[in-house]
Amino acid sequence: MRSFALLVLALLVPASLLVAGPAHAIDGGGEPPAELPYVGRLTAVRDVGRGEVGENCGAVLIADTWALTAAHCTRYTSPVGSGPFAARDLSLTFGSTRADGAGGTTVHVTRIVRGEQDIALLELADAVPVAPVRLAVRRPGDSAAVLAAGWGRGRGPAPLEAAAMQVDDGSAFRTRSVLVTQPAAGHPDAGVANHGDSGGPLLVAVPGGYALAGIAESAIEASRGALSNAWVRVDAASPVYAWIEQRVPLRTIGALPHPNIRPTAP
């Protein structure tokens, strides 16, 4: 039996409902192989219930004033109810390697645009002084090496961590919109995204750095108990890319595919 589990239990929930055990980032993983200043931390600035912050989410800067996250990260569940956050309820911090955002730049969200997939665009009140990530030209190939990053349930000085993964070419969940990964076989930093990593990036190496291939959506419990991840695709051959293109002015997207490169079919 396979099942999906959202990587975020809720943005705001009583602390007693959180999974027991020490706070940590991505399961497995280790120090990122390079600086990833465009990986942001999404935080709710509005109390909905008892005022206890549960799971935060990840986000990714794709333009000076635009970021991507998972749509379920823009909703809340609390002891007194549930529903969508308003833009004014959320803020994002970029440029910090700590879970508490120390040393980074925090900006408020002015608009939330939710997609049909588990994806949301966040328009920011101010430009962020870090370089946005590029969007991948095409879907990473079967068994391709990819990288995920996030803080998980980390708090305070907990560091950003990264997990080595590979595309799961045999997954039954593979669709035109969703990419599935599994821990990279034999890699010392192999791991999976878990609670608190929703909205964070799946990255593929390109000359000069990384490109964004997907946004963390859920964990998958495979038939033998192994944990894999599902990602909403954002590469240039995906349906979500066209959705982004309709809403974010092309000139503001951080490093679109070269105009002479035609995306390949998924």
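Determine the shape class of the range 58-99: with a ≥ b ≥ c the square roots of the Cα gyration tensor eigenvalues, call it rounded for a/c under 1.5, and otherwise prolate if a/b is greater than b/c, oblate otherwise.
On the way: a/c = 2.54, a/b = 1.84, b/c = 1.38.
Cα axes put the range 58-99 in the prolate bin.
Sequence-distant or interchain residues sharing an amide H contact under 5 Å with PHE85, placed H: which?
ARG75, TYR76
What full-extension length gain, to one decimal in nm, is calculated for SER143 and ARG155 as 0.36 nm per residue of separation minus the Cα-Cα distance?
On the way: separation 12, 0.36 × 12 = 4.32 nm, distance 3.27 nm.
Additional length available on full extension: 1.1 nm.
Which far-off residues, 5 or more places away or on another chain, put their amide H under 5 Å from the one on GLY214, with H placed in the peptide plane?
Amide H neighbours of GLY214: LEU202, VAL234.
Taking amide H positions as placed 1.01 Å from N in the peptide plane, with prolines and chain starts having none, which residues 5 or more places from ALA127, or on another chain, fall under 5 Å of its amide H?
It is none; the list stays empty.
Rounded if a/c is under 1.5, else prolate if a/b is larger than b/c, else oblate: which is the range 131-173, with a ≥ b ≥ c the root eigenvalues of its Cα gyration tensor?
Working: a/c = 3.12, a/b = 1.63, b/c = 1.92.
Oblate, because a/c is 1.5 or more while a/b does not exceed b/c.
Coordinate-derived values only; no laboratory data. Fair warning: this is a prediction, and the values are worked out from it, not measured in the lab.
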